[in-house]
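Quick notes on the structure that follows.
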Amino acid sequence: MIPSAIRFVMQRPKAIFLNSARLDYDKALHFSRLAELTHLTLNSVDTITDTNEIVDLVNSIQAEIVITKEMQVPSSALEKFHPGVKLLCEAGTGYNNIPIALARSRGIDVVNVPTYSTESVAHMVITYIMNFSAAIFPQAKMLHAGDQSNFRVFQHPIYEITGKVLGLIGGSGTIGTAVTDVALALGMEILISSRSSKLPVGHKYEHHPKVKVVPLNELLSTSDFVSINCPLSDSTRHSIGSREIRLMKPTAFLINTARGAIINEVELIACMKEKVIAGAGLDTQEVEPPPPESELWTLDNVFLTPHIGWRRLETRQRLVDMTTENIESYVRGESIRNVVNKSS
């Protein structure tokens with residue numbers, strides 16, 4: 001009889017991380033546990049757009065486990081994966097880049113890591129709020145342009161955060177709740193949009209006096225800051241456009257740390273050129289990075305960051321570790337963690 005430990009070693013499947021440089025761009029992460037569990041291939045590129053290249057990489061090593069980070073896996077590629085592919089891991093939260101129904105039809109489990117960056121992304125929202133309240137961004141732009149006049153005659157509105165209203169679109173989820181944790185500590189009032197007009201039973205802030213659930217239109221027209229924290233889906237794609245932005249206060253700021261395509265960027269650009277609102281902070285954009293010709297780069301009231309909400313060193317290592325936990329449950333023949341395409 002073969003001891004279980006030896007049996008486990010013999011069953012190490014082949015795994016490939018198709019775009020590991022998207023995650024380990026600074027070579028600061030360790031994959032040692034994952035390498036112990038699998039015969040691991042790290043393909044050190046940031047992304048792959050060629051379908052044939054994706055297929056060749058997976059099939060050439062007969063990978064059983066495929067790992068990606070925010071990389072499109074088109075149906076045309078997945079259809080050509082060899083039949084031995086059994087697990088497709090999104091090293092992140094959103095899995096709109098993976099054809100999950102097609103994967104299920106081929107017997108491939110798709111898993112994600114839903115909570116690895118909760119605090120990090122929440123803190124990114126707060127970072128934008130604090131920078132906007134102190135006009136840090138425009139002051140930095142002036143200095144970088146060699147303009148020191150703000151040190152003689154102050155030219156930007158600044159204000160306290162205490163008492164300001166923060167509207168959270170998708171605020172009842174884990175990231176929205178983490179944003180609320182910090183915002184309440186700063187003395188803010190919280191509005192959450194919800195189709196059900198109330199928070200889920202047992203939600204942490206279900207009965208908190210400074211947290212209210214309101215219709216989206218009321219949230220937009222009342223908030224000093226509006227933060228998008230909902231997932232990207234068919235119903236949320238381009239759900240924030242000109243109509244929604246024009247409901248906001250002219251002094252308000254829009255913040256997106258979720259998915260860029262939730263905002264209709266063409267309509268956002270038009271509104272920002274008209275100065276409809278005070279500013280927009282976009283950690284995510286519909287195309288990352290935006291194309292060189294995009295006016296998002298040049299608008300003085302739009303502030304971009306390169307999707308850094310999840311990029312902190314500790315956050316990325318946590319993502320590696322939690323992805324490894326998903327894979328370990330599969331390798332050990334246990335109930336697979338975080339499957340997003342379970343058969344009904």
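The values are calculated or read from the model by the stated rules, or taken from the named source; none is laboratory data. As the structure is a prediction and not an experimental result, all values here were calculated from the model. Please note: Cβ atoms are built from the backbone with ideal geometry, for glycine as well, and neighbour counts cover all protein chains shown. All accessible areas refer to the heavy atoms of the entire protein, side chains included, with ligands and DNA or RNA removed. Shrake-Rupley method; radii C 1.70, N 1.55, O 1.52, S 1.80 Å.
Every condition in (1) hydrophobic (A, V, I, L, M, F, W, C); (2) open to solvent by less than 20 Å² (accessible area, probe 1.4 Å); (3) within 20 Å of LYS69 (Cβ to Cβ) is met by VAL287 except one, and the failing one is (2). From the list THR298, THR324, the one residue that fits, being in contact with a helix residue (DSSP H, G or I) (Cβ under 6 Å, 6 or more places away or on another chain) and either hydroxyl-bearing (Ser, Thr, Tyr) or surrounded by fewer than 16 Cβ atoms within 10 Å (Cβ to Cβ) (or both), is THR324.
There is no residue in the stretch 7-14 that is modelled with pLDDT of 95 or more and of a type in the set (Phe, Trp, Tyr). Exactly one residue out of ALA63, ALA35 is more than 25 Å from the chain's Cα centre (by Cα) and surrounded by 23 or more Cβ atoms within 10 Å (Cβ to Cβ), and it is ALA63. Among the residues of the stretch 327-336, those identified as open to solvent by 40 Å² or more (accessible area, probe 1.4 Å) and under 17 Å from VAL85 (Cα atoms) are GLU328, TYR330, ARG332, GLY333. Within this structure, TRP310 passes the test of being open to solvent by less than 10 Å² (accessible area, probe 1.4 Å) and among the aromatic types (Phe, Trp, Tyr).
Could you look through the stretch 177-187, keep only residues that are in contact (Cβ under 8 Å) with a residue 60 or more places away in the chain and assigned to a helix (DSSP H, G or I), and pick out the one that is least open to solvent (accessible area, probe 1.4 Å)?
First, pick out the residues of the stretch 177-187 that are in contact (Cβ under 8 Å) with a residue 60 or more places away in the chain: 178, 182, 186.
Filter once more, keeping what is assigned to a helix (DSSP H, G or I): 178, 182.
Details: ALA178: 12, VAL182: 43 Å².
Step by step, filter the stretch 177-187, then rank; the result is ALA178.
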